[in-house]
Amino acid sequence: MFDVLVIGGGNAALCAALMAREAGASVLLLESAPREWRGGNSQHTRNLRCMHDAPQDVLIDAYPEEEYWQDLLKVTGGLTDEKLARTAIRASSTCRSWMRKHGVRFQPPLSGALHVARTNAFFMGGGKALVNAYYRSAESSGVQIRYDATVDSIELDGDRFVAARLGNERIEARTCVLAAGGFESNREWLREAWGQVNGEWVADNFLIRGTRFNMGVLLKYMIDAGADVIGDPSQSHCVAIDAGAALRWRHLHPRRLRFTGGCAQSERRAVLR
Ligand SMILES: Cc1cc2nc3c(=O)[nH]c(=O)nc-3n(C[C@H](O)[C@H](O)[C@H](O)COP(=O)(O)OP(=O)(O)OC[C@H]3O[C@@H](n4cnc5c(N)ncnc54)[C@H](O)[C@@H]3O)c2cc1C
């Protein structure tokens, strides 16, 4: 039996698997996607917002904890768990050395691009390089990895994890880390979260740019099983794009978007990241 079963194959899952392995645990990671599509939305991410009190390697000036926290309050409209947020903010100032140890490389933003040289450390090679580095490190440190391994449900004994179920298969472990992303690719759930405006489902106009494997199956399962819920399901990072853009134009890059200021609600498209 494995000490730690990690469900998911993106940034959160890989970090959990690597840290558990570093602590001496035997680890099995289950990724829903086939190998060539591994890495969830993390394969699309480009940078890490980092707190720092003075210039640090690829970051200029300072981005203090309080400013970061205030920025977070602005984008979430105040719906932010302060304890969790401050934990993440503080860790963002020191985590890059651990990431480098596992093969992740950073670079400053390209000049003339977004004005984020102060706040964001960019991954050299983007999110794909980030997850590839973590997978390489996981493989070489002995983390067992299975692709095409979609977990359908979790067997619990009260609050205690017992096993994960994949079809007829049952995998037991001493501990389980659920890091299987959100419900970004589940159009029905997005509809439910965003509701209707003028008789139109808002989510029907979303162009989903990320992985197709984040259906929120385990999230739903755990909510139904009584897990605590935090956050607001309608909060997300969206970018307005040209109303004429094809709805299924995947993997487009934000800098190639044309913005349409002042278009009518029904003409808007948003990209969900
Ligand atoms: C286009 C785009 C650009 C982005 N840019 C940035 C950025 O620049 N900076 C930033 O901070 N954030 C960015 N984000 C957001 C960031 O990528 C995510 O917040 C982050 O990757 C989430 O990591 P995660 O590990 O929680 O989920 P994910 O990386 O999505 O991983 C979820 C994993 O779970 C697997 N999975 C799902 N269901 C199951 C199941 N039932 N069984 C087994 N496995 C399952 C999936 O296959 C996937 O491997 C961006 C997102 C997108 C889509």
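The values are calculated or read from the model by the stated rules, or taken from the named source; none is laboratory data. All of these numbers come straight from a predicted model, not from anything done at the bench. Cβ coordinates were reconstructed from backbone atoms using ideal geometry, including for glycine residues, and neighbour counts include every protein chain displayed.
The table below gives the values:
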read-out: Single match in Leu59, Leu72, Leu79 (criterion: out of contact with any Ser or Thr (no Cβ under 6 Å at 6 or more places or on another chain), assigned by TED's automatic domain parsing to the domain that holds Leu130, in contact (Cβ under 8 Å) with a residue 12 or more places away in the chain and farther than 19 Å from Ala117 by Cβ); value: Leu79
read-out: Yes/no for Gly181 being buried (at least 18 other Cβ atoms within 10 Å of the Cβ), in contact with a strand residue (DSSP E or B) (Cβ under 8 Å, 6 or more places away or on another chain) and among the small types (Gly, Ala, Ser); value: no
read-out: Residue within the range 150-167 that is within 13 Å of the ligand (Cβ to nearest atom) and crowded, with 20+ Cβ neighbours inside 10 Å present; value: yes
read-out: Subset tally (residues that are at positive phi and either in contact with a Pro (Cβ under 9 Å, 6 or more places away or on another chain) or within 10 Å of the ligand (Cβ to nearest atom) (or both)) for the range 186-242; value: 1
read-out: Subset of the range 14-56 (residues that are free of Cβ contacts under 8 Å to residues at least 12 places away in the same chain and on the phi > 0 side of the Ramachandran plot); value: Gly24
read-out: So Gly127, is it in a helix (DSSP H, G or I) and either assigned by TED's automatic domain parsing to the domain that holds Glu65 or under 18 Å from Leu30 (Cα atoms) (or both); value: yes
read-out: Any strands (runs of 3 or more DSSP E) falling wholly within the range 163-273 and containing at least 2 residues that are more than 29 Å from Gly78 (Cα to Cα) and modelled with pLDDT of 95 or more; value: 169-178
read-out: Residues that are loosely packed, with under 15 Cβ neighbours inside 10 Å, in a helix (DSSP H, G or I) and out of contact with any Phe, Trp or Tyr (no Cβ under 9 Å at 6 or more places or on another chain), drawn from the range 89-121; value: Arg90, Ala91, Ser97, Trp98, Lys101
read-out: Flag if Pro64 is more than 19 Å from the chain's Cα centre (by Cα) and more than 8 Å from the ligand (Cβ to nearest atom); value: yes
